[in-house]
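The values are calculated or read from the model by the stated rules, or taken from the named source; none is laboratory data. Keep in mind that this is a model prediction, so the values were computed, not measured. When we count neighbours, we look across all protein chains shown, and the Cβ atoms used for this are built from the backbone with ideal geometry, even at glycine. These area figures cover heavy atoms from the full protein model, side chains too; ligands, DNA and RNA do not enter into them. Shrake-Rupley method; radii C 1.70, N 1.55, O 1.52, S 1.80 Å.
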Amino acid sequence: MIILCDRSPVFKTMLTKDTRETTSKTVFIEDLDADTVRRLVLYMYADAIHDYQWENIMNLYFTSDKYEVLSLKQKCSSFFKENLCFSNICKALVLADLHQDKQLMSALIDFISKYDSEVFALEE
């Protein structure tokens with residue numbers, strides 16, 4: 001519990017204030033799949049991400065933003081920047097906008113500027 005509270009202000013509030021989680025001694029995370037929760041907890045305890053695949057990192061990015069695990073959000077953002085291609089640029093744009101990630105958005109704009117004709121030719 002100490003590590004969860006230390007790594008996430010959201011978990012700290014959930015586990016230390018007068019909340020349903022404190023009373024029941026159980027954290028309910030209903031909007032995430034079990035695999036993403038497992039990856040989040042693994043990251044929070046081991047500071048590692050395993051199985052770098054676009055979908056997994058997208059889920060972790062959403063989760064890291066929601067639970068304010070900023071170091072994980074930064075790692076996910078770095079993964080997106082390093083793995084940009086025409087097939088995922090639109091998904092990355094939506095994520096950057098939705099999560100108000102200015103650094104990621106800047107990298108995406110640079111990518112689009114460099115490959116503007118290819119990007120604007122995409123169906124998405």
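In percent, rounded to a whole number, the relative contact order of the chain is 18, using alpha-carbon pairs under 8 Å and six or more apart.
Each of ASP47 and GLN103 was given a label point 7 Å from its Cα along the Cα-to-Cβ line. The distance between the two points is 1.6 nm. Taking the centroid of alpha carbons for each part, the range 1-58 and the range 108-124 are 35 Å apart. Of the listed residues ILE2, ILE109, the order by accessible area with a 1.4 Å probe, largest first, is ILE2, ILE109. Loop-located chymotrypsin sites (Phe, Trp or Tyr not before Pro) across the range 16-79 with a Cβ neighbour count of 11 or fewer within 10 Å are PHE28, with loop assigned by DSSP. Taking LYS73, LYS102, LYS12 in turn, the Gaussian network model of the chain (Cα-Cα springs below 10 Å) assigns the largest fluctuation to LYS102. In the context of the full protein assembly, ARG39 retains an accessible surface of approximately 30 Å², using a probe radius of 1.4 Å and ignoring ligands and nucleic acids. Based on the Kirkwood approach, the hydrodynamic radius assigned to the chain is 15.8 Å, with every pair of different Cα atoms included. Taking θ as phi - 60° and the Karplus parameters 6.51, -1.76 and 1.60, the scalar couplings of the range 32-49 work out to 10, 6, 4, 5, 5, 4, 4, 5, 5, 5, 4, 4, 5, 8, 10, 6, 9, 10 Hz in sequence order, x denoting glycine and proline.
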